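Inspection log for the structure reproduced underneath, given as structure tokens.
The values are calculated or read from the model by the stated rules, or taken from the named source; none is laboratory data. None of these values were measured; they are calculated from a predicted model. Quick reminder, even Gly has a Cβ in these numbers, built from the backbone with ideal geometry, and neighbours come from all protein chains shown. Note: areas computed on protein heavy atoms with side chains; ligands, DNA, RNA excluded. Shrake-Rupley method; radii C 1.70, N 1.55, O 1.52, S 1.80 Å.
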Amino acid sequence: MAGTLQAFDEPIYVTRPLLPSIDDYKGQLQEIWQSQWLTNVGAKHVALQDALANFFENENIALFNNGTTALFTACRAFRLSGEVITTPFTFPATPHVLSWNHITPVFADIDPLTMTLDPGKIEQLITDRTSAILAVHAYGIPCDVERIQSVADRYSLRVLYDAAHAFGARIEGRPVTDFGDATMLSFHATKLFHTAEGGALFVRDPLVKDRVDLLKNFGIKDELTVLMPGINGKLSELHAALGLLTLKMVAGERKNRQVVAEIYRSRLADIDGISVPNIRCGVENSYQNFPILIEDKHVTRDEVFEGLRQFNVFSRKYFYPLCSDYSCYRMLPSAHPSYLPIAHKVASQVLCLPFYGALKEDIVTRICDIIHYLVDK
Ligand code: T4K
């Protein structure tokens with residue numbers, strides 16, 4: 001079969017950003033130039049924040065210049081301290097925002113089906129220093145929010161969600177941003193909805209939203225009053241304007257990604273040793289990534305990863321290595337691999353395939369043929 005398969009002329013990346021027409025963006029830039037207002041909560045920022053509040057049916061939103069700053073600020077807004085229980089199966093930003101707040105991340109194992117924090121593993125890690133649970137809707141597959149909340153309620157802990165991947169994901173019909181005390185979204189260029197760089201924080205309590213707005217602007221109340229040590233978390237007008245345009249394209253992009261996902265699912269279904277995570281009943285995935293799990297049967301995950309590269313296909317091993325294996329965290333007691341068997345297994349098997357709406361049907365089919373070849377050879 002290798003003879004009939006050829007490497008792609010152009011590299012096929014794990015994702016490509018959603019881009020509006022350059023003319024539409026020029027139109028936005030013309031308005032910004034005319035206003036001479038480039039940042040600090042200008043008209044585009046206000047318009048995007050309103051549009052997103054409307055989209056998520058939630059007024060308690062604050063826009064940020066990236067998701068990491070949004071999550072960092074959330075920790076400050078809730079005055080989290082001591083220890084926070086989180087997942088090792090995530091992007092470095094998740095534990096790093098804790099460290100930057102002088103909080104110790106405590107890693108709990110993940111659920112093998114959702115690949116998110118296992119609610120059954122949280123309770124045993126709670127100490128008198130625990131202030132919160134920080135869970136991640138990895139790949140936009142929602143966590144078991146009900147069980148996480150019930151543990152948190154029993155111990156009076158805050159619940160924060162890193163929903164960097166979860167734009168548009170729903171739980172029992174409700175947006176993921178409706179759950180927990182706060183939810184962060186990332187609007188990075190690699191995300192389904194993006195502003196090139198950007199992010200947002202949704203909070204349950206309007207008083208916390210006021211505090212978040214202060215914290216993201218140096219703690220400035222007015223020209224003469226600084227109320228608290230804040231940070232610069234503001235989204236510029238140029239980024240907000242891009243978001244206004246990409247937001248209009250999100251529904252179409254989601255539909256296109258569903259088509260790509262369907263091709264992958266149907267063409268990879270019959271490969272022994274490869275599985276596609278199933279979404280449980282009552283939740284809707286955001287279609288941020290397309291992860292597959294490769295059991296070490298006929299071929300290893302790393303062999304498929306390397307094999308795809310030979311064909312100019314750049315899949316990614318999100319999230320390998322686990323955060324608990326980074327040199328800055330592996331000395332933590334909770335980071336010991338013996339406590340995190342599922343996370344280690346999933347991290348050694350997972351591969352995120354190229355996944356974006358503009359990926360043509362014949363390209364997806366060819367990627368599947370290459371995977372078939374790599375498994376059979
Ligand atoms: N929490 C979680 C769970 C996250 O996944 C992330 C970010 C965060 C928090 C933090 O949110 P932000 O502070 O970023 O808002 C990328 C993104 O940079 C990162 O935002 C994202 N997660 C992560 C999962 O993916 P890399 O290092 O893999 O990106 P990079 O540059 O290798 O890009 C991946 C592929 O995307 C490239 O091979 C090609 C394509 N690409 C990328 C960019 C930047 C483009 O086609 N155009 C582009 O402009 O981290």
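Dipole magnitude of the chain about its Cα centre, charges +1 at Lys/Arg Cβ and -1 at Asp/Glu Cβ only, in debye to the nearest 20? Walk me through the intermediate numbers first.
Working: 36 positive and 43 negative charges, 62 e Å.
Using only the charged Cβ atoms, the result is roughly 300 debye.
Give me the net charge of GLY67's neighbourhood, meaning all other residues with Cβ under 12 Å from the Cβ of GLY67; Lys, Arg count +1, Asp, Glu -1.
Values: positive: LYS191; negative: ASP162, GLU197.
Every neighbour counted, the sum reads -1.
Write down the percent of antiparallel bridges among all DSSP beta bridges whose residues are both part of the chain, to the nearest 5.
On the way: 24 of 42 bridges.
Looking only at bridges with both residues in the chain, the antiparallel portion is about 55 percent.
Along the positive direction of the dipole of the chain (beta-carbon charges: Lys, Arg +1; Asp, Glu -1; about the Cα centre), which of PRO92, ILE263, ILE61 reaches farthest?
Of the listed residues, the answer is PRO92.
Return a whole-number percent for the relative contact order of region 53-149, with Cα pairs under 8 Å and 6 or more residues apart as the contact set.
Working: 129 pairs, mean separation 26.5, N = 97.
Once divided by the residue count of region 53-149, the mean separation gives 27 percent.
Net charge near ILE171, counting Lys/Arg +1 and Asp/Glu -1 over other residues with Cβ under 11 Å of its Cβ? It would help to have the intermediate numbers written out before the result.
Details: positive: ARG170, ARG174, ARG280; negative: ASP144, GLU146, GLU172, ASP178, GLU284.
Here the charged neighbours net out to -2.
In percent, how large is the relative contact order of region 155-221, given Cα pairs closer than 8 Å and 6 or more residues apart?
Numbers: 89 pairs, mean separation 16.3, N = 67.
Worked out over region 155-221, it gives 24 percent.
Over the chain, average the accessible area per residue using a 1.4 Å probe and give it in Å², no decimals.
On the way: 17120 Å² over 377 residues.
Averaged over the residues of the chain, the accessible area is 45 Å².
Leaving ligands, DNA and RNA out of it, report the carbon-plus-sulfur percent of the accessible area of the chain at a 1.4 Å probe. Before the final figure, lay out the partial values.
On the way: 8940 of 17120 Å².
After summing per-atom areas, the C and S share lands at 52 percent.
Quick one: how many Å² of HIS298 are accessible to a 1.4 Å probe, rounded to 10?
We get 110 Å² for HIS298.
Between GLN36, GLN49, GLN28, find the one with the highest GNM mean-square fluctuation for the chain; connect C-alpha pairs within less than 10 Å.
The residue that fluctuates most here is GLN36.
Given the options PRO277, GLY233, LEU244, identify the residue whose Cα lies farthest towards the positive end of the charge dipole of region 193-286 (+1 on Cβ of Lys, Arg; -1 on Cβ of Asp, Glu).
With unit charges placed on the Cβ atoms, the residue in question is PRO277.
Within 13 Å, Cβ to Cβ, of ASP50, how many net charges do the neighbouring residues add up to if Lys/Arg are +1 and Asp/Glu are -1?
Numbers: positive: LYS44; negative: GLU57, GLU59.
Charge balance in the 13 Å sphere: -1.
GNM, the chain, Cα, under 10 Å: largest mean-square fluctuation among ALA74, ALA358, ALA240?
ALA358
Round to a whole angstrom and tell me the spacing of the C-alpha centers of region 150-228 and region 233-310.
Cα centroid of region 150-228 versus Cα centroid of region 233-310: 24 Å apart.
In deg cm²/dmol and to the nearest 500, what is the mean residue ellipticity at 222 nm of the chain if only DSSP H runs of at least 4 residues count, each as -39500 (n - 2.57), divided by the residue total? Don't jump to the answer; show the numbers that get you there.
Numbers: 10 runs with 135 residues, N = 377.
Calculated from helices alone, the mean residue ellipticity at 222 nm is -11500 deg cm²/dmol.
Give the cross-link partners of LYS297 among the lysines, using a straight C-alpha distance below 27 Å as the criterion and excluding same-chain residues fewer than 8 apart.
Hits, sequence-local ones excluded: LYS317, LYS345, LYS377.
For LYS216, go through the lysines and keep the ones whose alpha-carbon is under 28 Å away, minus same-chain ones fewer than eight residues off.
LYS44, LYS191, LYS234, LYS248
For region 114-121, what does the Karplus curve 6.51 cos²θ - 1.76 cosθ + 1.60, with θ = phi - 60°, yield as ³J(HN,Hα) per residue in whole Hz, taken in order and with x for Gly and Pro?
8, 6, 10, 3, 7, x, x, 9
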